Amino acid sequence: MYSKRSQLEVSFTVLSILRTPTGATRLMQKANTNYVRIMKKLDELIERGLVKKEAIDGRELYSLTDKGVDILKDYQTLILKFRDSEDREFDMF
């Protein structure tokens, strides 16, 4: 069954991939989306200060800023805590 990812999920997929400097085409392939969508997402993340674009060895590559690294770490911590809480049985109410 097809499951559409939320914009937040796509954002964190992109941030996760960009832990290593990556070109747009490779990013598109790894994120499993099309070029137009990945470029829009990159523009958004650059505008938010989470991603930077730089020329390395004549190639245009994207990577995380310090702020992007911090946000990705926070997200991963939250996901791990959420998964851990699902493993424990407790009544919140």
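The values are calculated or read from the model by the stated rules, or taken from the named source; none is laboratory data. Just so you know, these numbers come straight off a predicted model, no measurement behind them. Cβ coordinates were reconstructed from backbone atoms using ideal geometry, including for glycine residues, and neighbour counts include every protein chain displayed. Quick note on the areas: whole protein, heavy atoms, side chains included, nothing else; ligands and nucleic acids left out. Shrake-Rupley method; radii C 1.70, N 1.55, O 1.52, S 1.80 Å.
Observations
- Test set (1) under 14 Å from the mean Cα position of the chain (by Cα); (2) under 16 Å from T22 (Cα atoms); (3) touching a residue at least 24 places away in the same chain (Cβ under 8 Å) - T65 fails condition number: (3)
- Verdict on Y75 being open to solvent by less than 70 Å² (accessible area, probe 1.4 Å), of a type outside the set (G, A, S) and part of a strand (DSSP E or B): no
- Residues of the range 56-69 that are open to solvent by less than 90 Å² (accessible area, probe 1.4 Å) and either farther than 21 Å from R5 by Cα or of a type in the set (S, T, Y) (or both): I56, G58, L61, Y62, S63, L64, T65, V69.
- Any hit, the range 40-53, residues being on the phi < 0 side of the Ramachandran plot, among the hydrophobic types (A, V, I, L, M, F, W, C) and at pLDDT below 95: no
- Failed condition for R88, given (1) farther than 23 Å from S6 by Cα; (2) modelled with pLDDT of 95 or more: (2)
- Residue within the range 58-69 that is modelled with pLDDT of 95 or more and of a type in the set (F, W, Y) present: yes
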